[in-house]
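What follows draws every value from the coordinates through simple rules; no lab data is involved. From a predicted model like this one, the values you see are computed outputs, not experimental measurements. Ideal geometry is used to build each Cβ from the backbone, glycine not excepted, and the neighbour counts take in all protein chains shown.
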Amino acid sequence: MTALGIHDLSVATTHHVLELDDLAARNGVDPQKYRMGLGQAQMSVPAPDEDVVTMGAAAALPIIERHGTDRIRTLLFATETGVDNSKAAGVFVHSLLGLPAAVRTVELKQACYSGTAALQTALGIVARNPSEQVLVITADIARYELDSAAEPTQGAAAVAMLVSADPALLALETASGVHTADIDDFWRPLDSTTAVVDGALSTRAYMDAVLGAWDDYRAHGGAEFADIDHFVYHQPFTKMARKAHARLAQHNGAESVPEAFESTFTYNIQLGNSYTASMYAGLAALLDSDDDLTGKRIGLLSYGSGSVGEVLSGIVQPGYREHVRAEQTRAALENRQRIALEDYRALHAAVDGSSTDQEFPQVTAAPFRLAGIRGHARHYESTRSA
Ligand code: COA
């Protein structure tokens, strides 16, 4: 059977970065609470002319430049931070990237989980016709109330993936495990630009979903715990993944070894939570690490509040190192501009979700920007031709 999986993977983030030490100082909190207690050092902060469309298009652009558009007939955009209640964010990306008209484009939503639903949908499409490729984009801006306990767990990023037959990076195995439970642990009402969250409940619901999906994965032919070399968890904050791995190891009567998950944290410690993109940013960090992962089995443990969990696994392909984008991601992180605490608070407070006509100042150095809202419609532009 032809292998199907992730052929290319590309990370993008925002123009600004906030140091969590600055937030700790304002909140009168020991900086070690954020660094050690949550496992976070920074968070990406969007400029006024950035959103999930501009980040998603920026993540996908290098994939299009490398592979062209001929085989892409589907664009799946997974996000919790949609920019319209009707139009898929992916339609704007389709236009910005100059994709052909013969593409189906749709948006998927289920908190932080929907990127994995997009990946599974993509695999189904490619299985039906292995000559086709699917562009999957995961992008989110995690926003909680200012001065709330959840504030240090904000962040933003996009991860674009090209799903195809004979993948260069990760061949996904057929077995998967799924879990759904109706829980009010985190949600974002239609009239709110920030999420409502019960932090303690969300960590318990995450754990339950991971264990439930794991048991289902095993019952459907998934690999044994001992046969998985590295575990990539959804990382709302990296300490959460550390705790989840300890719990999953205990569930399997095994030891929790840091080597099995720590190199998946490198990017998310700096990005903060990026909801749908978070687990895939963890996968990018693992593939970009110094270890040679050829032939290794990777477990992916996805969670979205509300709640849905899924466990799947894949095998790292020979020659994968020639295709990873470590330099691109490091540059995206390093090129962010440090934002002062008061400027971050002003930007946060200015987001009101309104569709009133306005033009946005040009701040971002990204390839695409949100230029303005005219007649309630969002207008994006390329900064490359500007
Ligand atoms: N040095 C080191 N660690 C410290 C510390 C210090 N000075 N002070 C506190 N800590 C540790 C605590 O012991 C705790 O660690 P533990 O969970 O291993 O016991 C951790 O920092 C967090 O502190 P705590 O007071 O328990 O939580 P909080 O009120 O700050 O809230 C969240 C933390 C994650 C619940 C909150 O940020 C949140 O709601 N985030 C959004 C929801 C979310 O991401 N959920 C995850 C599942 S999707």
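Lysine pair count for the chain (Cα-Cα distance under 27 Å; residues 8 or more apart in sequence or on different chains): 7. On full extension, the segment bounded by Ala3 and Ala149 gains 48.2 nm, given 0.36 nm per residue less the C-alpha separation. Using r as the Cβ-Cβ distance of Asp198 and Asp84, and R0 as 22 Å, what FRET efficiency do you calculate, to the nearest 0.05? Once the sixth-power term is evaluated, E becomes 0.20. Rounded to two decimals, the Cα-based Rg/Rh of segment 295-352, with Kirkwood Rh, is 1.18. Packing order of peptides 369-377, 228-236, 354-362, highest average first: 228-236, 369-377, 354-362 (average count of other Cβ atoms within 10 Å over each peptide's residues). Computed from the Cβ-Cβ distance with R0 of 35 Å, the FRET efficiency linking Asp357 to Glu65 stands at 0.55.
Any chance you could run the full-extension gain for Gln250 through Ala25? It's 0.36 nm times the residue separation minus the Cα-Cα distance, nm to one decimal. If you can, show how the numbers build up before the last one.
Numbers: separation 225, 0.36 × 225 = 81.00 nm, distance 3.67 nm.
Result: 77.3 nm gained on full extension.
Restricting attention to the chain, close to 75% of DSSP beta bridges with both partner residues there are antiparallel. Maximal additional length on extending the His379-Leu341 stretch stands at 10.8 nm, based on 0.36 nm per residue less the C-alpha distance. The distance linking segment 54-125 with segment 222-265 is 29 Å (Cα centroid to Cα centroid, whole angstrom).
Across the alpha-carbon set of the chain, the Rg to Rh ratio works out to 0.94, Rh being the Kirkwood radius.
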